[in-house]
Every structure is written in C-alpha cells, then in structure tokens.
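Novice: I am attaching a structure below and will ask some questions about it afterwards.
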Amino acid sequence: MTMLEHAQLLSETEDIQATLSAESGREPLPRTVRRYPLGAFDIEVEDCPPGWEEPAWWLHVLGRIRVFEGLKTNWDSYGAPAIAVRAMGETIKFLCDWLPPDAPAPDIVPLPDGNIQVEWHMEGFDLEIKISEHGPCGVFLYEHHSGEELDVPIRGDMTAIASGLHHFSWYR
C-alpha cells in the first residue's frame, strides 16, 4: 500500500467511524496518530493496538531516510540521481511489514541508481535487499561458512526475502 493509499484509507476510516457514530449516537473511538515528518512526506502511524511502541530499529531507519532526502543529483560525484522519494517510502513500508519490533536495525545505504539497499551482516550471513520505488526488487544472500550465494531479482514473489530473513535467529 502506498503512502497515498494509506492516507486515503485513514480518511475513509474516519468517514465511516463518523457515520457509524452519528447513526448510533455514540462518540467515535479515540485514535492516536503519530506523525514523523520527513521533508518530502510524513509518515503516519496509527496506534493499533493502543500502546504501540516504536520498534527498536525505528529511529535508526528514520534517521537514515532523512539523510537520503538531502542527497541531490551527483551525490556520489559519478552522476547518481537523487534517491527516489517513493523508494524511501517503500523502504519504510517493507521494514514495517517484515521486521519484528526487536530486530536489529539494518544498515541502510543509498544506491547509485536512486534506489535503497537494506542490509544485515551477522551470524555468518550477508543479506542485502534492494528496494526501488515499486518495492523490493532484488535479494543477495551470502553464507560465509560454505561460500554459497543467492542473487535473484524479485518480481512479486517474496520467497527469497523470507528465506533470507529466516537465516537470522532474531527472525525465527
């Protein structure tokens, strides 16, 4: 779901709650929304369930994304484009969808094609997931002990991501 779709869904939910409240004569249920401004866009997280806590990796991820917003064309001195705003949003969406709250923060690096790479190098494995403005688009997994590697594009099938993450003790 894109940020715009999420915002539209929040708006539709508010309309439905208001209609139901008016019909039932009850006050709408309280909602707490946390907003995290990111220059080009804001991220909204609705408390669901109440008491939602930011995952341990959350502030690290937002900090890195904020840095990427400042990267202009030619940020690498080799003509790289600015990092795509939608790739930033897709990175946050991917991490929110896939990572447990207590997962270690990934390394997040800008790529010279305007995309973003999310990486973990631990427990004898290197896992790198490339994220474009359309979502995850590639996985690289390297196992240090055997020297085996997997380098595949993602075309809608997230099996390679699940397989890569399952190598880490914190994901099981």
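The values are calculated or read from the model by the stated rules, or taken from the named source; none is laboratory data. As the structure is a computational prediction, the values presented were derived from the model and not from experiment. Glycine also receives a Cβ, built like all others from the backbone with ideal geometry; neighbour counts cover every protein chain displayed.
Novice: Quick one: VAL139 ticks every box in (1) in contact with a strand residue (DSSP E or B) (Cβ under 8 Å, 6 or more places away or on another chain); (2) in a loop (DSSP other than H, G, I, E, B) except a single one, so which number is it?
Specialist: That leaves (2) as the condition not met.
Novice: Within the range 103-113, does at least one residue satisfy the condition of being farther than 18 Å from HIS60 by Cα and buried (at least 19 other Cβ atoms within 10 Å of the Cβ)?
Specialist: No, the range 103-113 contains no residue that is farther than 18 Å from HIS60 by Cα and buried (at least 19 other Cβ atoms within 10 Å of the Cβ).
Novice: OK, next. If you check every pair at least six apart or on different chains, which have Cβ atoms under 8 Å apart with a residue in the range 53-66 that is in contact (Cβ under 8 Å) with a residue 24 or more places away in the chain first and a residue that is part of a loop (DSSP other than H, G, I, E, B) and crowded, with 19+ Cβ neighbours inside 10 Å second?
Specialist: PRO55/LEU99; TRP57/LEU99; TRP57/PRO106; VAL61/PRO106
Novice: In addition: Looking only at residues that are surrounded by 14 or more Cβ atoms within 10 Å (Cβ to Cβ) and among the aliphatic types (A, V, I, L, M) in the range 138-151, which one is nearest to ILE65 (Cα to Cα)?
Specialist: Across the range 138-151, the extreme among qualifying residues is VAL139.
Novice: Among the residues of the range 84-102, count how many are touching a residue at least 60 places away in the same chain (Cβ under 8 Å), closer than 23 Å to GLY156 by Cβ and surrounded by fewer than 17 Cβ atoms within 10 Å (Cβ to Cβ).
Specialist: Going through the range 84-102 one residue at a time, the tally reaches 1.
Novice: For the subset of the range 51-88 comprising residues that are outside any helix (DSSP H, G or I) and among the acidic types (Asp, Glu), which member is nearest to LEU99 (Cα to Cα)? Spell out how you get there, then give the answer.
Specialist: Of the range 51-88, the ones outside any helix (DSSP H, G or I) are 51-57, 70-84.
Okay, now just the ones that are also among the acidic types (Asp, Glu), so 53-54, 76.
Values: GLU53: 14, GLU54: 12, ASP76: 29 Å.
By that ranking, first place goes to GLU54.
Novice: Scan the range 88-104 and give yes if some residue there is closer than 24 Å to HIS166 by Cα, among the aliphatic types (A, V, I, L, M) and over 12 Å from the mean Cα position of the chain (by Cα), otherwise no.
Specialist: So far as the range 88-104 goes, yes, one or more of its residues are closer than 24 Å to HIS166 by Cα, among the aliphatic types (A, V, I, L, M) and over 12 Å from the mean Cα position of the chain (by Cα).
Novice: Now a separate question. Looking at (1) touching an Asp or Glu at 6+ places or on another chain (Cβ under 9 Å); (2) free of Cβ contacts under 8 Å to residues at least 40 places away in the same chain; (3) of a type in the set (A, V, I, L, M, F, W, C); (4) more than 20 Å from ILE65 (Cβ to Cβ), which is the one condition that is false for PHE168?
Specialist: (2)
Novice: Let me ask something else. How many residues, within the range 101-129, are under 19 Å from ARG172 (Cα atoms) and part of a loop (DSSP other than H, G, I, E, B)?
Specialist: 8
Novice: Let me ask something additional. Kindly evaluate TRP98 against the criterion of being at pLDDT 95 or above, under 15 Å from TYR171 (Cβ atoms) and of a type in the set (Phe, Trp, Tyr). Show your work before the answer.
Specialist: Working: at pLDDT 95 or above: no; under 15 Å from TYR171 (Cβ atoms): yes; of a type in the set (Phe, Trp, Tyr): yes.
In short, no.
Novice: How many residues are under 15 Å from the mean Cα position of the chain (by Cα), buried (at least 19 other Cβ atoms within 10 Å of the Cβ) and not hydroxyl-bearing (Ser, Thr, Tyr) if we restrict to the range 114-137?
Specialist: Our first condition is that a residue be under 15 Å from the mean Cα position of the chain (by Cα); within the range 114-137, this holds for 115-120, 128-137.
Filter once more, keeping what is buried (at least 19 other Cβ atoms within 10 Å of the Cβ): 115-116, 118, 120, 128-132, 136.
Pick out the ones that are also not hydroxyl-bearing (Ser, Thr, Tyr) and you get 115-116, 118, 120, 128-131, 136.
Counting residues in the range 114-137 that are under 15 Å from the mean Cα position of the chain (by Cα), buried (at least 19 other Cβ atoms within 10 Å of the Cβ) and not hydroxyl-bearing (Ser, Thr, Tyr) gives 9.
Novice: For the range 70-83, which residues satisfy the criterion of being of a type in the set (Val, Ile, Thr) and surrounded by fewer than 17 Cβ atoms within 10 Å (Cβ to Cβ)? Before the answer, list the steps.
Specialist: Let us first name the residues in the range 70-83 that are of a type in the set (Val, Ile, Thr), namely 73, 83.
Correct list: THR73 only.
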